[in-house]
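Chemist: Have a look at this one.
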Amino acid sequence: MEEKLFVGGVSSDDIPPSKLGTKEYWNDTYARELQSFKDIGDVGEIWFGVQSMTRIVQWMKRQNIGEDSAVLDIGTGNGILLVDLAKAGFSNLTGIDYSPAAVELAKCILEEELLQNVRIQVEDFLNPSMCLSGFDVCIDKGTFDAISLCPENSAGKMSRYVETLHKVLKQKGIFIITSCNWTKNELVNQFHEGFELQEELPTSKFQFGGKMGNSVTALVFVKKT
Ligand SMILES: C[S@@+](CC[C@H](N)C(=O)[O-])C[C@H]1O[C@@H](n2cnc3c(N)ncnc32)[C@H](O)[C@@H]1O
């Protein structure tokens, strides 16, 4: 599947607010996807395609990240990444999403896959409950992008995101982000307080006007001690 863009290749200053930055949009989207899952078993959109999940799971395996590590999928949507992680052997998985419809869809999919041990809960990552803490690995696929498109106070919400991330990750915890709104340098800049870039994961490249670029950026950060 093609890696999918929200707003292709614009710089951070130019990113216009969008309905993709609103809870209503995601609730409507996942309510439709939930119905479609119930009707025909379609799990719905996999953001950035299947290879975006394979990239993350294979990297975690290569790094020998313990299968009992506490892993959080931030803005899990339909929870398919959690299904892949569970099938790869990871056993301490949590997914959160602020959309109740997304959480219900993820629960239905996990139930069908007989993966009852995966925790799924409704949580706003910008206003998390006390129990959201102590994670070894946090993963974000498209959620920071969505938050950065919020029509109201996106800059404030982005810095709140960084604060929450810092709070929920253990010391030396790992953060893996996949984004199409932000370049590598922009993400390094966004997360520079409290996080250090460990690695850039290879993603597909495109050529435009004689220049090579990435449509999707995938980075691994480590929480600074
Ligand atoms: C582009 S979708 C990506 C979904 C999923 N990660 C995937 O890769 O398929 C963005 C997700 O972020 C969720 N989201 C946006 N803002 C959030 C917030 N403040 N707290 C929790 N979830 C949020 C949306 O409900 C949506 O499920």
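The values are calculated or read from the model by the stated rules, or taken from the named source; none is laboratory data. It should be emphasised that the depicted structure is a prediction, and the values quoted were computed from it without experimental measurement. Don't worry about glycine lacking a Cβ; one is built from the backbone with ideal geometry, like all the others, and counts go over all protein chains shown. Protein only, heavy atoms only, side chains kept; ligands, DNA and RNA dropped before computing areas. Shrake-Rupley method; radii C 1.70, N 1.55, O 1.52, S 1.80 Å.
Chemist: Apply 1/(1 + (r/R0)^6) to the Cβ-Cβ distance of Asp124 and Glu199, taking R0 = 22 Å, and write down the FRET efficiency to the nearest 0.05.
Modeler: FRET efficiency, Asp124 to Glu199: 0.15.
Chemist: In Å², and per residue, what accessible area does the chain have when probed at 1.4 Å with the other protein chains present?
Modeler: Value returned for the chain: 48 Å² of accessible area per residue.
Chemist: Collect residues whose amide H, placed 1.01 Å from N in the peptide plane, falls under 5 Å from the amide H of Ile139; neighbours closer than 5 in sequence don't count.
Modeler: Those lying under 5 Å, H to H, from Ile139 are Leu72, Asp73, Ile74, Ile176.
Chemist: Would you mind telling me the share, in percent, of accessible area of region 18-223 contributed by carbon and sulfur at probe 1.4 angstrom?
Modeler: 50
Chemist: Percentage of Cα-Cα pair distances in region 62-196 greater than 25 Å, rounded to whole percent?
Modeler: 23
Chemist: Given 0.36 nm per residue, what is the gain on full extension from Leu115 to Thr22 after removing their alpha carbon distance, in nm?
Modeler: Stretched out fully, the Leu115 to Thr22 stretch lengthens by 30.5 nm.
Chemist: Report, ordered by chain and residue number, the aspartates and glutamates lying within cross-link reach of Lys205, taken as a straight Cα distance under 13 Å and ignoring same-chain residues fewer than 8 apart.
Modeler: Candidates past the 8-residue exclusion: Glu2, Glu3.
Chemist: Work out, step by step, the length gained on full extension between Ile40 and Lys224: first 0.36 nm times the residue separation, then minus their alpha carbon distance; give nm to one decimal.
Modeler: So the chain would gain 61.7 nm between Ile40 and Lys224.
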